[in-house]
Structure formats: structure tokens, C-alpha cells
Amino acid sequence: MKRKIIQIKEELCNGCGQCLPNCPEGALQIIDGKARLISDLFCDGLGACVNQCPMGAIEIVEREAEPYDEKRVMENLVKQGKNVILAHLKHLQDHGETKLLREAIDFLEEKGIKNPLIELDHQSYHHSCPSARTMAIPRHKEKDKELVRENEGFILEGIARMESQLSNWPIQMKLISPFAPYLEQAHILLAADCVPCAYPNFHFDFLKGKVLIILCPKLDTGIDGYIEKLTEIIKANKPSCITVLHMEVPCCFGLARIAREAIKKSGIETEIKELIISIRGEKAEEISR
């Protein structure tokens, strides 16, 4: 098959070996003083090694090559320990290679080896950019009850005082890690990003007690990638339910399709509910599946 794969310019390579640590797949070795691609099967063609070469001796080309084999790669990686496995999984995750990531995690599960990405997500609060930092946001149930009682008797210019019910961060589908600890057996609220603006009591009527994931099925790019990612979330966490919440406009109905296809691809029976909000900001319809 013809695919992307690295190519080493032998005349430029000085055999320094700086490329090797950046190829956790084990596709490179120093042989006779030069870096060599030892097997097409081990090279995923994503090029993590390219920018690590001080001589500019490595490039990505498209040529006839044996298909990349994730299982063979994992068989090689597990012998090298947890940190090498983690580097490989992060490599796949950062490049959006959801299918290969799933194959790698399935291999670890078959062998009874812990997935190091899960531990990494537990630690990421202290080490990542705030926009994508995985974190659970604690909510105080007693305080919520007090606020509800207060809201019943306290209205200011038609707006009740209330507290946010958001319990997770990030919330955008592209930024959420499938291995975030708050996702395990959670009730997921998959919402179109217009809904919180249209529906005034979004937090207490829909969000409370759920994990929020938002996206726009019309304007966001990479919808197939969303299906793959939601499939991964379902496989890894077995959510108790997925509530799909979207507007009544036709383009918004694609959100339910994303959820249904992800559940089907995951092979895991998951309850799904579909709620529709009118443009006037009212609950228009509820569909259970």
C-alpha cells in the first residue's frame, strides 16, 4: 500500500541518535553509524522524529510500504516499560489517531497492563494549559438546596439567583480526554453549544449531576473525529446514560446522529435520551431511545 512514512538521508545522518528517543514505536536503530528504519511495520508516518534531527536528515515521504501494525508495535513497547508506553499513547492521542489509540489500549487490556494515560489525566491539573486542563469541579449539595429555597422567594428583575452546576473542565469535545476520571460511568450531557444561551435555566434543569460535553454539529470541523472520540469515551468509561440536548433547527439534529453512531461503534449498550429546545428558549420535545 502507498502511505506516509519516514525516509532517512544517509549522506546527512551523523549517527547522533537524537531521533531514537522520539520514536517510541522502535522503528529506528543506529546501525553502522547511521540511523536506520528497521521495519515499515513500526513506522506510523506521523514524524515525531523529524524535528529532533539536528542534521535535517529525516523527512516524511509517501511511498509503497507495509501497513503500520499497532499490535506489533505494542508487543515491542511493553518490554520497555511504562514511560515508553505512555510516550507512545500520548503520541497517538496528540495526533488524533483515535483508531490506533483504541487498538493500543485494547492490547493493554488483553495483557492486563494498566493504561498510563488514566494516571496522567489524574495528574494533569498541575501540569497542563488551563484551557485543556482536566479537572473535576466539586459542588455542594446542601448549598444547592439553600440556593433553590432562596430562588423560590427571591426574584430580582425576573432572574433567579443560582450557582453554576458545571462539574467538569474542559467542556469542548476537542479538548476532553477520553480518560478523564470524571467520565467513569457518568451521565453525559452532550449539548449543542447554542443551548445554554437559549435556555435560561440550563444549569438546574439539564446540567445538574451530569458531565458536560459541548460541540456544534454544523460549524465544527471533523465530525467523524467527534464520533471516534465519543466512541472512545463510551468504551473507556461505560457511561450510565447520554442525554443529547440540541436546538430545534435542522442542522442541530446531527448531534443525535453523532451519539447514536458512537454508541453503535462502541458495542456497549448505553441509554440515550434526546431533548429538543425551541428557538424561543422552551423545552419543545423529549425523545427516549
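Since every read-out is calculated from the coordinates, none of them should be taken as a lab result. Just so it is clear, the model here is predicted, and its values are computed rather than measured. Neighbour counts run over all protein chains shown; Cβ positions are idealised from the backbone, glycine included.
Could you work out the helix-only [θ] at 222 nm for the chain, with each DSSP H run of four or more residues adding -39,500 (n - 2.57) and the total divided by the number of residues, to the nearest 500 deg cm²/dmol?
Helix contribution divided over all residues of the chain: -9000 deg cm²/dmol.
If you count, for each residue, the other Cβ atoms within 10 Å and average over each peptide, how do 220-228, 241-249 line up from highest to lowest?
For the peptides 220-228, 241-249, the packing ranking is 241-249, 220-228.
Considering only Cα-Cα distances, which of the following residue pairs are longer than 24 Å: Lys210/Lys238; Lys111/Lys210; Lys210/Lys273?
In this structure, Lys111/Lys210 exceed 24 Å between Cα atoms.
How large is the charge dipole for the stretch 2-114, taken about the Cα centre, if only the Cβ atoms of Lys, Arg (+1) and Asp, Glu (-1) carry charge, to the nearest 20 debye?
Around 240 debye, computed over the stretch 2-114.
What dipole magnitude, in Debye to the nearest 20, does the chain give about its Cα centre under +1 on Lys/Arg Cβ and -1 on Asp/Glu Cβ?
That gives the chain a dipole magnitude of about 240 debye.
Would you mind pulling out the separation of the Cα centroids of the stretch 237-289 and the stretch 6-85, in Å?
Taking the Cα centre of the stretch 6-85 as reference, the centre of the stretch 237-289 is 43 Å away.
Sequence neighbours fewer than 8 away in the same chain don't count; with that in mind, list the lysines whose C-alpha is under 19 Å from Lys34.
Answer for Lys34, where 19 Å is the Cα cut-off: Lys9, listed by chain and number.
Place +1 on the Cβ of every Lys and Arg and -1 on the Cβ of every Asp and Glu in the chain, take the dipole about the Cα centre, and give the residue among Ala65, Gly45, Phe204 whose Cα lies farthest towards its positive end.
Looking along the dipole axis, the top candidate is Phe204.
Report the equivalent ellipsoid semi-axes for the chain in whole Å, largest first, defined as the square roots of five times the eigenvalues of the gyration tensor built from alpha carbon atoms.
Over the Cα atoms of the chain, the ellipsoid semi-axes are 45, 20, 17 Å.
So which of Lys4/Lys235; Lys71/Lys99; Lys2/Lys229; Lys99/Lys235; Lys71/Lys114; Lys90/Lys235 end up more than 22 Å apart by C-alpha?
In this structure, Lys4/Lys235; Lys2/Lys229 exceed 22 Å between Cα atoms.
For Leu12, Leu255, Leu166, which order do you get if you count the other beta carbons within 10 Å of each Cβ and list the fewest first?
Least to most surrounded, the residues fall as Leu12, Leu166, Leu255.
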